[in-house]
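Taken together, the values in this text are just the output of simple stated rules run on the coordinates, not laboratory data. None of the values given here were measured: they were computed from a predicted structure. Positions of Cβ are backbone-derived with ideal geometry, glycine not excepted, and every protein chain shown enters the neighbour counts.
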Amino acid sequence: MDIVAVINYKGGVGKTTVTSNVAAELAFRGKKVLLIDTDAQASLTFSFITPDKWDKDYKDSMTIKSWFDAISQGSEPPPLADFVITPAAANSVVKLHGGRIDLICSHLGLINVDLELATLLGGANLNQSKKNYIKVHGKLRAAVAHLAATSDYDLVLIDCPPNFNIVTKNAILASEKILIPAKPDFLSTLGIDYLHRSVKELVNDFNEYAELDKNTEPVDPQILGVVFTMIQITSGKPIAAQRQFISQTKRLGVNTFTEYFRENKTIFADAPQNLRPVVLNRYSPGTHSDVVKEIEKFVTEFSAAL
Amino acid sequence: MIKTEKDLVAVIRRLAEALESLSGEDLSKLCDPAYTLEIKATRRRSKDAPPVGHSAVSVEQILDQLASVSTRDEAQSLLDLSALSKKQLEPIARKLDIPIVKIDKAEALRDKIVEATVGARIRSQTIQGTRTS
């Protein structure tokens, strides 16, 4: 089972679009994929289930917030499997091909969980503080490892918020690999550098403190690379204004995927409302069909990189 | 800088030549106080000057040199010393995928090249905390 965090320090880069479409395409190819939405905006969650269903059936006890709440309250959280749902609309397509998309929903109140988890940090002395750090930051890692041993998933994709709070750190530490969606513009490419730095510091801290705890293995999440999103195509290639940032990122030595996600408001704007990622839709030959083909090509490249 | 009487004569002769080449309309503008007068000197391309577009090798050489400098000032000096014209800077900019706007002057292109190479590296190292000043 591969565990991949999808994150960029910059918001609005198409992270949820990438996550949902990669999961859908892989499930369409017969894979079992689990999505964990750790972004309090819950965009990924609402790409697969309606807000009213979430409110009625899942909000109170079936979200990643409920799982973290158990930790905040000082108790051992239940297995992650207890929080998994199988969204109907997307699965009605992928199950015909032997695949499955499961989801652990997010919660709009997840933003407050960080404050509660932060109260568990600290300690009477430095050693105690370090042990508490491991305990708080390594919880999701342990839970995902348990899930890997007890489930049939081929891939877990963790959709992370554009910050580096305790929940996000849990997600990064739980992952073996990191996928960075980025728009090829000035600020989004700065977000890639912020992320590199933050991941490096997090891994160093965790591994230093992990030496004190014989039950905790060191971590080494690898950055898979950057997938460029919201690409505007003219004459069969990205427009010059975007090409310069793609080239610049490559020159800085960052691994980048060749395939990309194209900008297309017509099909991406209402896809979440239909609860089916665009890659599962069939379009007549033309631009829309090309967008889907490009996503399929990216997923092939992504799978090879795992 | 004018140092001798001979230099002064040469300057006046060139001014006279420039005036001679003006159209009647332009000459009447010179007499009209509503117009201001501005003298602009443009470098003339000699027959021995390197061909427009520079060879692919020299573009690579300049990019290699830019990769080895560590400050924007060093990069600017490098491009200044090379005294590249706009036409010679354009293939370098194209190689870097920098959008070229027609109204860009050589100076603007130089700035864009510096920012896309050394500038980008400095920004990245600064944010990642790996830059040593």
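Residues are listed down the side, and each one gets a yes or a no for (1) farther than 20 Å from residue A:192 by Cα; (2) out of contact with any His (no Cβ under 8 Å at 6 or more places or on another chain):
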| position | (1), (2) |
| --- | --- |
| B:69 | yes, yes |
| B:72 | yes, yes |
| B:75 | yes, yes |
| B:79 | yes, yes |
| B:88 | yes, no |
| B:100 | yes, yes |
| B:107 | yes, yes |
| B:124 | no, yes |
| B:128 | no, no |
Check: Does any residue in the stretch A:17-39 that is touching a residue at least 12 places away in the same chain (Cβ under 8 Å) come within less than 8 Å, Cβ to Cβ, of a residue that is part of a loop (DSSP other than H, G, I, E, B) and of a type in the set (Val, Ile, Thr) six or more places away or on a different chain, and which pairs are these?
Finding: A:17/A:229; A:18/A:229; A:34/A:84
Checklist line | Residue in the stretch A:272-284 that is surrounded by the most Cβ atoms within 10 Å (Cβ to Cβ), counting only those that are free of Cβ contacts under 8 Å to residues at least 40 places away in the same chain and in a loop (DSSP other than H, G, I, E, B) | finding: A:281
Item checked: Count - residues of the stretch B:69-119 that are in a helix (DSSP H, G or I) and closer than 18 Å to residue A:247 by Cα -> 18
Next item on the list: Return yes or no: is residue A:51 closer than 30 Å to residue A:306 by Cβ, surrounded by fewer than 15 Cβ atoms within 10 Å (Cβ to Cβ) and free of Cβ contacts under 8 Å to residues at least 12 places away in the same chain?
Entry: no
Item checked: Residue list for the stretch A:1-25, filter: under 18 Å from residue A:301 (Cβ atoms) and either of a type in the set (Val, Ile, Thr) or surrounded by fewer than 24 Cβ atoms within 10 Å (Cβ to Cβ) (or both) -> A:2, A:4, A:6, A:14, A:17, A:18, A:19, A:22
Next item on the list: Among residues belonging to the stretch B:98-114 that are at the interface with chain A (Cβ under 10 Å from one of its Cβ atoms) and touching a residue at least 12 places away in the same chain (Cβ under 8 Å), point out the one that is surrounded by the fewest Cβ atoms within 10 Å (Cβ to Cβ).
Entry: B:112
Notebook entry, point to check: Residues in the stretch A:264-271: is at least one outside any helix (DSSP H, G or I) and crowded, with 18+ Cβ neighbours inside 10 Å?
Noted result: yes
Next item on the list: Mind listing just one residue for me: the one in the stretch B:115-133 that is more than 8 Å from chain A (Cβ to nearest Cβ) and of a type in the set (D, E, K, R) and, of those, surrounded by the fewest Cβ atoms within 10 Å (Cβ to Cβ)?
Entry: B:131
Check: Is the stretch B:64-87 home to any residue that is over 22 Å from residue B:43 (Cβ atoms) and within 11 Å of chain A (Cβ to nearest Cβ)?
Finding: yes
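One line per residue, one yes/no per condition, for (1) touching a residue at least 60 places away in the same chain (Cβ under 8 Å); (2) buried (at least 16 other Cβ atoms within 10 Å of the Cβ); (3) closer than 24 Å to residue A:299 by Cβ; (4) at the interface with chain B (Cβ under 9 Å from one of its Cβ atoms):
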| residue | (1), (2), (3), (4) |
| --- | --- |
| A:162 | yes, yes, yes, no |
| A:169 | no, yes, no, no |
| A:198 | yes, yes, no, no |
| A:201 | no, no, no, yes |
| A:236 | no, no, yes, no |
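Yes or no, residue by residue, for (1) facing another protein chain (nearest Cβ under 9 Å); (2) in a helix (DSSP H, G or I); (3) charged (D, E, K, R); (4) farther than 24 Å from residue B:121 by Cα:
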| position | (1), (2), (3), (4) |
| --- | --- |
| A:208 | no, yes, yes, yes |
| A:214 | no, no, yes, yes |
| A:217 | no, no, yes, yes |
| A:227 | no, no, no, no |
| A:244 | yes, yes, no, no |
| A:248 | yes, yes, no, no |
